[in-house]
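Have a look at the structure below, then the notes.
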Amino acid sequence: LVFQISQNIEDPRRLTQAVLQIVQMLDLYQAELARILHMNCGDIGELAAARRCLEPGTDAWGQAQLLVRCYRALYERMDGDGVAMRHWLRVPQPGLEGVPHLLIVDDDRLRMVVACLENGVS
């Protein structure tokens with residue numbers, strides 16, 4: 001089940017919750033989120049347990065904002081079809097010359113995937 005995230009999020013608690021929800025909706029692992037946000041797995045555990053929130057001005061905050069943009073653009077492109085969203089992330093995309101999921105998690109290329117989605121490149 002996926003749902004739309006319709007606005008930019010500036011509140012630390014809401015951004016933290018949104019990022020954790022995106023991980024669930026896109027079937028990502030917390031360890032993958034740690035790599036995306038440039039954090040340690042233990043930090044993600046603290047976020048998930050609501051013992052800590054993302055902090056404005058940090059690298060993790062910027063990456064979280066990018067992840068939300070990525071999700072929003074993917075949601076829009078796939079008309080809210082969660083299966084299509086998860087599929088798109090996991091198959092090679094010619095416009096990216098790779099698999100978006102791997103580019104985001106392994107190659108730290110979230111910004112490139114966001115640009116592709118927001119500019120309508122397939």
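The values are calculated or read from the model by the stated rules, or taken from the named source; none is laboratory data. This is a predicted model, so every value here is computed, not measured. Here the Cβ is made from the backbone with ideal geometry for all residues, glycine too, and neighbour counts use every protein chain on show. Surface areas here come from the heavy atoms of the whole protein model, side chains and all, with no ligands, DNA or RNA. Shrake-Rupley method; radii C 1.70, N 1.55, O 1.52, S 1.80 Å.
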Can you spot a residue in segment 108-115 that is closer than 23 Å to MET39 by Cβ, β-branched (Val, Ile, Thr) and not in a helix (DSSP H, G or I)? no
Pick from segment 64-110 the residues that are farther than 22 Å from VAL2 by Cα and of a type in the set (D, E, K, R): which of them is farthest from the chain's Cα centre (by Cα)? GLU97
Among the residues of segment 12-27, write down those that are at negative phi and open to solvent by 70 Å² or more (accessible area, probe 1.4 Å). ARG13, ARG14, GLN17, GLN21, GLN24
Could you grab me the full set of residues in segment 94-105 that are at pLDDT below 95 and either outside any loop (DSSP other than H, G, I, E, B) or exposed (fewer than 15 other Cβ atoms within 10 Å of the Cβ) (or both)? PRO94, GLU97
Taking the stated definitions as given, is GLY57 touching a residue at least 40 places away in the same chain (Cβ under 8 Å), under 27 Å from ASP11 (Cβ atoms) and surrounded by fewer than 17 Cβ atoms within 10 Å (Cβ to Cβ)? no
Kindly indicate whether ALA18 is touching a helix residue (DSSP H, G or I) at 6+ places or on another chain (Cβ under 8 Å) and free of Cβ contacts under 8 Å to residues at least 60 places away in the same chain. yes
Could you tell me how many of the residues in segment 31-49 are surrounded by fewer than 16 Cβ atoms within 10 Å (Cβ to Cβ) and either closer than 21 Å to ASP107 by Cβ or out of contact with any helix residue (DSSP H, G or I) (no Cβ under 8 Å at 6 or more places or on another chain) (or both)? 7
